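The values are calculated or read from the model by the stated rules, or taken from the named source; none is laboratory data. Here the structure is a predicted model, which is why all the values come from computation and not from measurement. Because the Cβ atoms are built from the backbone with ideal geometry, glycine has one as well, and the counts that use them run over all protein chains shown. The protein model used for the area step is the full one, side chains on, heavy atoms only, and it has no ligands, DNA or RNA in it. Shrake-Rupley method; radii C 1.70, N 1.55, O 1.52, S 1.80 Å.
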Amino acid sequence: MTGDTPQKRSLTSQMLDTAVASVAFMALTFIAGVMLSRLLGPEGRGIYGTVQFWAQLGFGLLSFSVFDAAVIRLRKSKDHPESALPSVMVLALAALAIYVLVATAAVALDLIEIGDFGGTTFIWASALLVALGLSTRAFTVVESAKLDFRRLNIERIVSPVLFVLAIGLLFLLDIADPLVMVLAFVAAAVPILVWRIIRFRGYLIGRVDRQSLRSDVRTGGKLHLATGSFSLARQFDRILLVAIWPAQLLGFYFVAFTAASASVSLVMQSLSVTLLPTLSGLDPELRKKRLEQLLRLAILSVFATAVPIILVAPYIVPLVYGEAFREAAWYLQGLAIPTALFPLQSIINIANRSVERVWPSIAMAASIIGVFAIGYAVTGYDDPKWVFVALATGNAIAVAIGIFSLRSYGMIALRSALLPSTADFRVLFDALRRYVRR
């Protein structure tokens, strides 16, 4: 293995490092999902998925993009990345406090009802998940700003391994309780959290740079118009469905969504970890070249993932998840195309955020939400097939809006960005060969 530093390594090499870790992460997440589904059944899986969903939505909306803003600021400056920790920790605590207040108000107003979960139980269980997400993201600011993805990739595999082991133990003990599963998920993340606290203990308590804090909040607020709206759009289907569908149908939907997302999670994980800090430091011409190549590869991935899912879903779902989830097979087929478009959307969204442009992402998010809301107004979604039609239509329109926005900003040329060639396969093959040798 060579002694290259994270800053000297290419985007392709960095993404391949992340891709290798993402394969393990994807496999572990899939295994955990299967074990959860078999242990809890459709209704219990629906309850567990709903709690996780609300926590993830709260984290996405309330993180206010200050972590991304801190990474961009640190990449453009000569500040030591560790210097940002006191500031981002303060902001993480503020976001957690806001979540607890909002969740408490929602429960008090009877806006949230989750099966056998009581209101108080939901508040503290989901707050634990949000606290976990915020603290993890705060620590990863340092590795991201350093482009030290190798350490980050190793650390993010440990928790899923421990979670799979915990589910296996619960399976042997025949404990099928959604709340216990939530606690097991949190407990599996504690070792890495403790390890990060030990590693950065000398930087956690220190002077909060108010100027940097204001800069991160200001930039984060601007970026969050894109990130928050896009996060809302990506999850708008579940926001609506958890309010109108019974737990059993939600169990089918969460299983199908998890399985469909697994097919693109490898690409999504690589993009989310490496792309924003890397694009933020590139000159316009090089950024254009890299961006066009990534878009072409993402276009190829749409067909490479959606078609196999549609063909094998009727056989794989009952085999893997059990006969109780046979109906989820056609849910998976319906979600194949919408989820296959996720990498394209993410590349476009991250490219715009790397240069602090937010309105194209807002327009993309509005198209997804608008189409899905219109679909509900027309059909009521009593028949799940209309959910999938609305999702496919809204996501396709969002991609079209994003592609033309990048072109209008001069960040891509349509012909070179949208027409994959044999050169793309050669670049990927050469990168893989160099990676194996290294």
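Considering only residues in segment 327-348 that are among the polar types (S, T, N, Q) and open to solvent by 10 Å² or more (accessible area, probe 1.4 Å), the one that is nearest to Leu294 (Cα to Cα) turns out to be Ser346. Taken together, the residues in segment 119-132 that are open to solvent by 20 Å² or more (accessible area, probe 1.4 Å) and of a type outside the set (Val, Ile, Thr) amount to 5.
Yes/no matrix, rows are residues, columns are (1) over 17 Å from Thr136 (Cβ atoms); (2) touching a residue at least 24 places away in the same chain (Cβ under 8 Å); (3) open to solvent by 10 Å² or more (accessible area, probe 1.4 Å):
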{"site": "Ser63", "(1), (2), (3)": "no, yes, yes"}
{"site": "Pro81", "(1), (2), (3)": "no, yes, yes"}
{"site": "Val100", "(1), (2), (3)": "yes, yes, yes"}
{"site": "Ala106", "(1), (2), (3)": "yes, no, yes"}
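Taken over segment 197-223, the criterion of being under 22 Å from Lys76 (Cα atoms), of a type outside the set (Ser, Thr, Tyr), under 28 Å from the mean Cα position of the chain (by Cα) and open to solvent by 50 Å² or more (accessible area, probe 1.4 Å) is satisfied by Arg214, Val217, Arg218, Lys222. Just one of (1) modelled with pLDDT of 80 or more; (2) touching a His at 6+ places or on another chain (Cβ under 9 Å) fails for Ala32. It is (2).
With respect to the conditions (1) more than 19 Å from the chain's Cα centre (by Cα); (2) at pLDDT 85 or above; (3) within 23 Å of Ala256 (Cβ to Cβ), Leu85 lacks only one, and its number is (3).
Here is a yes/no grid of residues against (1) open to solvent by 10 Å² or more (accessible area, probe 1.4 Å); (2) among the aromatic types (Phe, Trp, Tyr); (3) touching a residue at least 40 places away in the same chain (Cβ under 8 Å):
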| position | (1), (2), (3) |
| --- | --- |
| Ser37 | no, no, yes |
| Phe59 | yes, yes, yes |
| Arg75 | yes, no, yes |
| Leu96 | yes, no, no |
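Applying the condition of being open to solvent by 40 Å² or more (accessible area, probe 1.4 Å) and β-branched (Val, Ile, Thr) to segment 381-402 and asking which residue is nearest to Leu335 (Cα to Cα) yields Val389. Would you mind stating whether Ile192 is more than 21 Å from Val242 (Cβ to Cβ), over 18 Å from the mean Cα position of the chain (by Cα) and open to solvent by less than 30 Å² (accessible area, probe 1.4 Å)? In short, yes.
Filtering segment 367-380 to residues that are hydrophobic (A, V, I, L, M, F, W, C) and surrounded by fewer than 17 Cβ atoms within 10 Å (Cβ to Cβ) leaves Ala373, Ile374, Ala377, Val378.
Inside segment 78-87, residues that are in a helix (DSSP H, G or I) and touching an Asp or Glu at 6+ places or on another chain (Cβ under 9 Å) make up a count of 5. Can we say Val90 is over 30 Å from Gly251 (Cβ atoms), open to solvent by 10 Å² or more (accessible area, probe 1.4 Å) and either assigned to a helix (DSSP H, G or I) or among the aliphatic types (A, V, I, L, M) (or both)? Considered against the rule, which asks whether it is over 30 Å from Gly251 (Cβ atoms), open to solvent by 10 Å² or more (accessible area, probe 1.4 Å) and either assigned to a helix (DSSP H, G or I) or among the aliphatic types (A, V, I, L, M) (or both), Val90 comes out as yes.
Within segment 249-276, if we keep just the residues that are among the hydroxyl-bearing types (Ser, Thr, Tyr) and open to solvent by 10 Å² or more (accessible area, probe 1.4 Å), the residue that is modelled with the lowest pLDDT turns out to be Ser272.
Only one of the numbered conditions (1) in a helix (DSSP H, G or I); (2) touching a residue at least 60 places away in the same chain (Cβ under 8 Å) is not met by Arg207, and that is (1). Here Val158 passes the criteria (1) out of contact with any Phe, Trp or Tyr (no Cβ under 9 Å at 6 or more places or on another chain); (2) more than 16 Å from Leu129 (Cα to Cα) except the one numbered (1). What number of residues in segment 144-170 are open to solvent by less than 40 Å² (accessible area, probe 1.4 Å) and without any contact (Cβ under 8 Å) to a residue 40 or more places away in the chain? Residues flagged as open to solvent by less than 40 Å² (accessible area, probe 1.4 Å) and without any contact (Cβ under 8 Å) to a residue 40 or more places away in the chain within segment 144-170 amount to 2.
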